[in-house]
Ligand SMILES: C[S@@+](CC[C@H](N)C(=O)[O-])C[C@H]1O[C@@H](n2cnc3c(N)ncnc32)[C@H](O)[C@@H]1O
C-alpha cells in the first residue's frame with residue numbers, strides 16, 4: 001500500500017506530518033504505527049472518520065488518530081481512572097476526542113457517545129479480548145475494524161491463541177487480515193477486519 005501523503009517511513013520509523021513538521025510515530029509505543037511498518041495494507045482512516053477506540057489508555061495512539069481524523073472524532077474508552085486523567089487532559093487540548101471512563105464489555109453504556117462509528121479499534125489485553133471485539137463490532141456495525149491481540153493475555157500456546165483468534169474472526173467477518181507486529185510489540189498480532 002502507498003502511504004497517504006501525511007505519513008512516511010524514514011530509517012525504519014514512521015513519521016506523521018503535523019502542520020509543516022514531521023513527527024515520529026513510535027511503533028514501540030503504538031501498535032497502529034507497528035501495523036503500518038509491518039506492511040498493513042488497509043488504511044480506512046480519513047479526515048472525517050469516526051473511530052470508536054477501546055483501550056485508549058493515556059491516549060498515545062488516540063492523539064495520532066486525532067491528527068489524522070481531524071474533521072471526525074475519536075471516542076476513547078478506557079476502564080482505568082488513572083489513564084483517564086491524562087486522556088481528559090489530552091481531550092481538552094483537542095476538539096475531536098471524546099473520553100469515556102467505562103468497561104468495553106458493555107457497549108450499551110457508551111452508545112450515546114459512540115453514535116455510528118466508521119471504524120472500531122481495539123487494544124485491550126484481556127483474556128476475552130476477541131469476544132469483546134466481536135460484541136462491539138456487532139453492536140455498532142462499523143465498516144472497518146482493527147484488533148490488536150496480546151497473545152500472552154490468553155491462556156494457551158501463542159500459535160494456538162492466534163489460530164483460535166483467526167477462527168473466531170473468520171466465523172464472524174468477511175475479511176480478516178493478519179499482520180505480525182511482534183517485532184515492535186512482543187507477542188502481538190494486528191487484525192484488520194471488514
Ligand atoms: C495496552 S493498553 C492500550 C494502549 C493504547 N491503545 C495506546 O496505543 O496508546 C490497554 C488498555 O486497555 C484498558 N482496558 C483493559 N480492560 C478494559 C476494559 N474491559 N474496558 C476498557 N478498557 C480496558 C487498560 O486500562 C489499558 O489502558
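We did not get these values from a lab; they are worked out from the coordinates using the rules stated. This structure is a prediction, so every number in the text was calculated from the model and none was measured. Because the Cβ atoms are built from the backbone with ideal geometry, glycine has one as well, and the counts that use them run over all protein chains shown.
Conditions (1) part of a strand (DSSP E or B); (2) under 22 Å from residue 61 (Cα atoms); (3) in contact with a helix residue (DSSP H, G or I) (Cβ under 6 Å, 6 or more places away or on another chain), marked per residue:
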| position | (1), (2), (3) |
| --- | --- |
| 132 | no, yes, no |
| 135 | no, no, no |
| 142 | no, yes, no |
| 147 | yes, yes, yes |
| 152 | no, yes, no |
| 161 | no, no, yes |
| 169 | no, no, no |
| 174 | no, no, no |
| 185 | no, yes, yes |
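For the stretch 93-105, the criterion of being in a strand (DSSP E or B) and within 10 Å of the ligand (Cβ to nearest atom) is met by at least one residue. Strands (runs of 3 or more DSSP E) fully within the stretch 11-58 that include at least 3 residues being touching a strand residue (DSSP E or B) at 6+ places or on another chain (Cβ under 8 Å), free of Cβ contacts under 8 Å to residues at least 40 places away in the same chain and surrounded by fewer than 20 Cβ atoms within 10 Å (Cβ to Cβ): 13-18, 21-25. Tell me whether the stretch 119-135 contains one or more residues that are more than 16 Å from the ligand (Cβ to nearest atom) and either more than 25 Å from residue 29 (Cβ to Cβ) or within 17 Å of the chain's Cα centre (by Cα) (or both). Checked against the condition, which is being more than 16 Å from the ligand (Cβ to nearest atom) and either more than 25 Å from residue 29 (Cβ to Cβ) or within 17 Å of the chain's Cα centre (by Cα) (or both), the stretch 119-135 yields no hits at all.
Candidates in the stretch 151-183 are the residues that are within 21 Å of residue 119 (Cβ to Cβ) and in contact (Cβ under 8 Å) with a residue 40 or more places away in the chain; of these, the one that is surrounded by the most Cβ atoms within 10 Å (Cβ to Cβ) is 181. Quick check: anything in the stretch 74-82 part of a helix (DSSP H, G or I), without any contact (Cβ under 8 Å) to a residue 24 or more places away in the chain and surrounded by 16 or more Cβ atoms within 10 Å (Cβ to Cβ)? No - not one qualifying residue is present in the stretch 74-82.
Of everything in the stretch 140-150 that is more than 21 Å from residue 38 (Cα to Cα) and crowded, with 16+ Cβ neighbours inside 10 Å, the residue that is farthest from the ligand (Cβ to nearest atom) is 142. Within the stretch 45-65, restricting attention to residues that are farther than 19 Å from residue 104 by Cβ and under 12 Å from the mean Cα position of the chain (by Cα), which residue is farthest from the ligand (Cβ to nearest atom)? My answer is 45.
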